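**Q** One structure, pasted below without further comment.
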Amino acid sequence: MITAAQMRAARALLGIDQRQLAEMSGVSLPTIQRMEASEGNVRGVVDTLTKVVEAFDAAGVELIGDHAASVGQGRGVRFKQPRTSGDRGS
């Protein structure tokens with residue numbers, strides 16, 4: 001699973017916009033926009049989600065799930081505790 005917040009954060013780490021992510025992943029810009037506008041976990045076709053995750057991976061960004069250890073050795077940012085659905089970052 002990937003969240004909309006993870007997508008936005010990963011793009012920010014790479015310094016790319018939605019259009020560039022669409023090109024990198026082979027997913028349409030409107031689909032990227034819909035994915036990032038969703039609440040919580042991104043829903044969609046598994047193949048589409050896989051393309052986006054693989055594009056981030058190829059660019060060097062590791063997406064870390066709840067309660068998952070990071071396998072990377074670079075710097076990173078993550079929440080100390082999983083956020084509840086009512087928590088919002090601003």
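**Q** Along the principal axes of its C-alpha atoms, what lengths does the chain span, in descending order and rounded to whole Å?
**A** Largest first, the chain extends 33, 31, 24 Å along its Cα principal axes.
**Q** Next up: Mind checking which of GLN18, GLN33, GLN73 has the largest fluctuation in a GNM of the chain, springs on alpha carbons under 10 Å?
**A** Comparing GLN18, GLN33, GLN73 in the GNM, the peak value goes to GLN73.
**Q** Sticking with this one: Output ³J(HN,Hα) for region 53-70: one whole-Hz value per residue in order, computed from phi by the Karplus curve 6.51 cos²θ - 1.76 cosθ + 1.60 with θ = phi - 60°, and x for Gly and Pro.
**A** Using θ = phi - 60°, the values come out as 4, 5, 5, 5, 4, 5, 7, x, 9, 9, 9, 10, x, 4, 6, 9, 7, 8 Hz.
**Q** Report, to the nearest whole %, how much of the accessible area of the chain belongs to carbon and sulfur atoms, 1.4 Å probe, protein only.
**A** Carbon with sulfur: 50 percent of the solvent-accessible area.
**Q** Sort MET1, MET24 by heavy-atom solvent-accessible area, probe 1.4 angstrom, most to least.
**A** Descending accessible area places them as MET1, MET24.
**Q** Could you do me a favour and compute the accessible area per residue for the chain, 1.4 Å probe, result in Å²?
**A** Normalised by residue count, the accessible surface of the chain is 74 Å².
**Q** Let me ask something else about it. Enumerate the calculated ³J(HN,Hα) couplings along region 19-30 in order (Karplus 6.51 cos²θ - 1.76 cosθ + 1.60, θ = phi - 60°), each rounded to whole Hz, writing x wherever the residue is Gly or Pro.
**A** Once rounded to whole Hz, the list reads 4, 5, 4, 4, 5, 5, 9, x, 10, 5, 4, x.
**Q** Sticking with this one: Contact order normalised by length for region 15-54, with contacts defined as Cα pairs under 8 Å and 6 or more residues apart; what percent is it?
**A** Reported as a whole number, the value is 40 percent.
**Q** When only Cα pairs under 8 Å and 6 or more residues apart are kept, what is the percent relative contact order across the chain?
**A** Relative contact order for the chain comes out at 31 percent.
**Q** Here is a further query. To the nearest 10 square angstrom, what accessible area does GLU54 show with a 1.4 Å probe?
**A** Rounded to the nearest 10, that gives 110 Å².
**Q** Going by accessible area, probe 1.4 Å, with all protein chains left in place, what is the ranking of ILE16, ILE32, largest first?
**A** Ranked from most to least accessible, the order is ILE16, ILE32.
**Q** Placing +1 at every Lys and Arg Cβ and -1 at every Asp and Glu Cβ, with all other atoms neutral, what dipole size does the chain have around its Cα centre, in debye to the nearest 20?
**A** 280
**Q** While we're here: Which of GLN81, ALA69, VAL42 sits closest to the plus end of the dipole of the chain, meaning its Cα is farthest towards the positive end, when Lys and Arg get +1 and Asp and Glu get -1 on the C-beta?
**A** Working it through, the farthest residue towards the positive pole turns out to be GLN81.
**Q** Sequence-distant or interchain residues sharing an amide H contact under 5 Å with THR3, placed H: which?
**A** VAL42
The values are calculated or read from the model by the stated rules, or taken from the named source; none is laboratory data. Just so we're clear, the structure is a prediction, and the values are computed from it rather than from any experiment. Virtual Cβ from ideal backbone geometry, glycine too; neighbours counted across all protein chains shown. Heavy atoms of the whole protein, side chains included, go into the accessibility calculation; ligands, DNA and RNA do not. Shrake-Rupley method; radii C 1.70, N 1.55, O 1.52, S 1.80 Å.
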